[in-house]
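Okay, structure first, notes after.
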Amino acid sequence: MRKSYKRWFGMTLTICLLVTTLAGCKTDNKKPVDNGGKVDTSITDQKEDNKGKQEGPFAKYQPIEGKTYDISWTVGQLAPIDENAEMTQYWNEKWNVKLDIWNIDNAQWHEIINLRFATGEIPDKVRVLGFPTLKKYYDQDLLAEIPEDVLQHMAPTVYKYHTTDVPGALNYGKIDGKLYGIPHYSISANYRRPVVWRGDWLENVGITKTPETLDEFEEAMYKFTKEDPDKNGKNDTYGLSTTGLNAVYGAYGFLPANWAVRDGKLVYGAVQPEMKQALEKLSKWYKDGIIDPEFITGENKGGYSHISHSFVTGQVGYTSHGFYYHWRPQMGEDDKDVIGHNIQELLKTTPEVVDSLIFGLPPVGPEGKSGVPQETIVSGIFDGLGKHLEEEPDKIGKILLMFEDLVATFDNFLTARQGFEGKHWEWQNNMPVRLEPYTDGKELSKIGAMPVMTLISPYEYESKLLPLRIKFANDNKFDVGGIREELLSPLESQGKYQTELDKIREETYVSIIIGDKPIDYFDTFVDQWYKSGGEQLEKEANEWYQSLSK
């Protein structure tokens, strides 16, 4: 049963006050893009188009003519947004609104947003991070329903792309059949994590063919550790670190933290019997010194999270860290797009390594299976609306018109993402290329552009925006060999059990790999996982999965 908002607010406010006590506690008028003489599609045009649709059940969603709406807005951001951010002022004027964009550090997102919720501050546009969070906010009565027919009428382009790019996408934002979050998605979800090899290391240890099978993968890992692949005369290299483990799990058919379909049902990867085989192999590798002992803390050592410092510094010769575009090199002299962050780091220290990189396929295991992580068809990020807006349907309509305007045309999408042509970016070789200092995403964030006003990213638009990035992905077959999470819905009991189950899984897997637990402890873990709530989650996961076919 859903908690009443007032009851939840009172409880959380009391807790918040207790915790506090204990702790001592001018508009740029330039056009965004050159439209070839065409008048830019505006929110006013959309309102005119919608007038005929605003009769009957839709009349109350029509924004009040001439009213300036104060709209609070939560978003992901790479840096704090300036108080009078240039792009924010542009949208304020265009839409006749006053945007209040909350500056929240991504690293402390849940902590800060929950404190603001506890004091009664609920934004008009609510950024929701993750399927469990969507269910949590629903249970706490923080979200307004977004009637699907209203979305279709007020934001037809948003609705169209959600039904053509990713058919059924809106279903993932529904709870009990009603829409509470508009899902984000991206063309990047069509591609798996990269499989990156130090080609110079392969050559130095006498391997002339990129490893394709798990046996060949294993041979390379041992040679990378034992045969001085960097030729510095020191015993200071390893085959793989954290992300390399996923290639081994995938070769046995599952990823431990993912739900997968097996015999027509959803099963949890970590408790599948094949994972015992994978752990046995990894335990041997660790004992033999093949796995970097620092794998427990991850390949990134700080700063931009998608950089594999273990790989960039020459500690390991294989990685799957980051997304494919974090490894995109410069593709010819005319390529002015921003190159991948890992490539940038390599160019600073060992530029000769860049040309030697090999992008392979995940190794194939004994039963012909393979795979590394690939993003879900929807990202798990949603745009919701604050519960209080159920009493202000005209404001719901206003926000949906704003959503629509952001993707109504490619020009609008480009402006929202990259700012003004000629100031923040320019066309080069039929590509929109950022100008300095806006090649740094943080600078775009400060002015209120990407990702502040980026909602969905239609495939059609991304293909125009990032043609070389997509070519790089397709040329290297990043669309082959991915394993996706198959559970795309919050579960009723996740809040009760998930944290403990994750802890049990992580502790067991690490303990077996490093030899603190024998391989047969896996059977004890499986039994414990089911008894600690896994059985209930599996039941709920399959109830959801079966509902998709009804």
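Where a number appears in this text, it was derived from the coordinates with a stated rule and is not lab data. What you are looking at is a predicted structure, and each value in this text was computed from that prediction instead of being measured. As a convention, Cβ positions derive from the backbone with ideal geometry for all residues, glycine included, and neighbour counts pool all protein chains shown.
For this structure, a couple of remarks:
- Least to most buried among PHE472, PHE58 (fewest other Cβ within 10 Å first): PHE58, PHE472
- Span per principal axis, largest first, for the Cα atoms of the range 76-192 (Å): 38, 34, 34
- Kirkwood radius for the range 412-550, taken over all pairs of different Cα atoms as the inverse mean of 1/r, rounds to 19.8 Å.
- Within the range 205-232: backbone nitrogen closer than 20 Å to the VAL480 label point (7 Å, Cα to C-beta): 208-218
- Residue exposure sequence - SER188, SER445, SER463 - by fewest surrounding Cβ within 10 Å: SER463, SER188, SER445
- Under 20 Å from a label point set 7 Å out along the Cα-to-Cβ vector of ILE519, the amide N atoms of the range 281-306 belong to 281-292.
- DSSP assigns beta bridges within the chain; of those with both partners inside it, close to 70 percent run antiparallel.
- A Förster radius of 41 Å, combined with the Cβ-Cβ distance separating THR349 from LYS98, puts the computed FRET efficiency at roughly 0.30.
- Against the empirical curve 2.2 N^0.38 Å, the C-alpha radius of gyration of the range 232-330 lands at a ratio of 1.22.
- Net charge over other residues, Cβ less than 10 angstrom from the Cβ of PRO211 (K, R count +1; D, E count -1): -4
- The alpha carbons of the range 183-258 give a radius of gyration and a Dmax of 15.1, 52 Å, in that order.
- Theoretical ellipticity at 222 nm over the chain - DSSP helices of four or more residues, -39500 (n - 2.57) apiece, nearest 500: -11500 deg cm²/dmol
- The alpha carbons of the range 225-269 give a radius of gyration and a Dmax of 16.8, 53 Å, in that order.
- Among the listed values (i) 72.0, 266; (ii) 25.2, 79; (iii) 40.8, 146, the one computed from these coordinates for Rg and Dmax of the Cα atoms in Å is (ii).
- Between THR319 and VAL196, the built amide H atoms are under 5 Å apart, and every one of these is 5 or more places off in sequence or on another chain.
- Convex hull volume of the C-alpha atoms in the range 291-360, normalised per residue: 98 Å³.
- Which of TYR249, TYR191 has the fewest Cβ neighbours within 10 Å, and the rest in rising order: TYR191, TYR249
- Global form of the range 330-378, assessed from the alpha-carbon gyration tensor, a/c cut-off 1.5: prolate
- Working value for the range 338-433: equivalent-ellipsoid semi-axes of 39, 26, 12 Å, each the square root of 5 times a Cα gyration tensor eigenvalue, largest first.
- Per-selection Kirkwood Rh - the range 140-207 (Cα, Å, 1 d.p.): 15.2
- The shape of the range 60-114 can be summarised by an equivalent ellipsoid whose semi-axes, obtained from the alpha carbon gyration tensor, come to 25, 15, 7 Å from longest to shortest.
- Along principal axes, Cα extents of the range 151-277, largest first, whole Å: 67, 34, 23
- Residues with amide H under 5 Å from that of SER72, placed H, sequence gap 5 or more: ASP100, ASP124, LYS125
- Per-bin percent of Cα-Cα distances, the range 439-496 [10 Å]: 16, 26, 33, 22, 3
- Residue-span extension gain [GLU506 to GLU460] - 0.36 nm each, minus C-alpha spacing: 12.6 nm
- Fraction in percent of alpha-carbon pairs per bin - 10 Å, the range 112-163: 21, 43, 29, 8
- For the range 372-492, the Rg and Dmax computed from alpha carbons only, in angstrom: 17.5, 51
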